[in-house]
Each structure stands twice: as structure tokens, then as C-alpha cells.
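Read-outs: derived from the displayed coordinates by stated rules, not from any lab. Please read all numbers here as calculations on a predicted model, not as lab measurements. Note that each Cβ is placed from the backbone with ideal geometry, even for glycine, and that neighbours are counted across all protein chains shown.
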Amino acid sequence: MANLTRRSVLRTSLAAAAAGTLARPYIANAAATTAAVWWVQGFAPEEDVSFKKIVADYENASGNTIDYSQVRGIGAIWAGPGDMSVSMGLRGEASHPAVQENLLRVLSACKEFDVPCATGATVDDVAMRLEQGFRIIMTAPVRSTPGLTEGRRLAAH
């Protein structure tokens with residue numbers, strides 16, 4: 001017999017709970033035939049395909065409908081290529097073409113729903129990001145110490 005530990009019991013319990021939740025989604029009103037799901041579009045197309053397949057399988061099995069339309073009223077979306085690269089398995093490769101393609105995909109969705117899209121940019125990339133349609137640009141702060149620089153210059157003479 002396997003040695004039961006607190007961790008193995010918790011892991012098994014969580015897995016069983018997750019499987020039960022996916023197998024029988026809960027609809028608050030038993031008479032309802034539509035459930036609303038707040039959905040955040042994924043970074044990678046595969047995430048969206050997987051989500052939509054789960055919804056379709058549930059709808060076919062239950063006869064119920066899942067409304068997963070996006071929620072209106074979002075003030076802005078931060079399209080961060082750093083976090084996105086990690087999510088895509090490309091940690092530290094924010095400039096990777098696949099990451100940049102998905103960054104523009106997020107921007108496209110923002111434009112479609114008239115939601116301002118923010119991203120980071122180097123000084124050299126600001127013009128390009130504005131041309132692409134980003135409405136909020138974050139750049140790294142420049143640290144300037146003119147007094148210290150002048151003092152060092154004077155001290156050297």
C-alpha cells in the first residue's frame with residue numbers, strides 16, 4: 001500500500017475536485033440553459049482553441065449554452081511582452097517573432113473593442129509602437145545626475 005502523505009492527499013483531492021468541476025460545470029439556476037463565463041483571450045492561439053473546444057464539448061454533452069463573450073468596460077489592457085514570452089515558453093525573449101506576433105494580436109483585439117492598449121518600448125521603438133496603434137507607451141526612466149557629473153568634471157581639473 002502506498003504511503004499517504006498530507007501532500008499526496010491534497011494533490012489527489014484537488015485533482016478530483018478539478019475533474020469534477022470540468023465534468024459537471026455548475027450553473028447557479030438549475031432551470032437556466034445559458035451560463036456566462038468571463039473569458040480572457042489567451043496569448044497563444046492554442047489557448048483559445050482549447051478553451052473553445054472545452055466549451056463546445058460541454059455544450060454538446062449538456063445541451064446548455066456557455067456565453068463567453070468578452071466583458072465591456074475595461075479601461076486598458078497591458079500587453080507585456082516580458083510576461084508573454086514567459087507564458088509562451090520563451091523566457092527572456094520578448095523580441096522573439098512569435099512574441100511580437102502575439103503582442104500585435106492583443107493590440108488587434110484592443111482596437112476591435114476600442115480599448116487602449118499599453119506596452120513597453122525602448123526610446124528607439126516608441127515611434128513604431130505608436131504607428132502600430134498602441135495608445136499607452138511605457139519607457140524606462142532615464143537617470144540623470146548633472147550635478148554629480150559637473151562635480152566630477154571639476155574635481156578632475
Measuring from label point to label point, each 7 Å out along Cα→Cβ, what is the ALA76 to LEU104 span in nm? 2.3 nm
Computed on alpha carbon atoms, what radius of gyration and Dmax characterise segment 48-125, expressed in Å? 16.0, 53
Length added when fully stretched, LYS111-LEU154, from 0.36 nm per residue minus Cα-Cα: 10.2 nm
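For THR65 and LYS52 in one chain, what is 0.36 nm times their gap in residues minus the Cα-Cα distance, to one decimal in nm?
Numbers: separation 13, 0.36 × 13 = 4.68 nm, distance 1.21 nm.
Extra length available between THR65 and LYS52 comes to 3.5 nm.
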Label point distance in nm, ARG135-ASP83, each placed 7 Å from Cα along Cα→Cβ: 1.9 nm
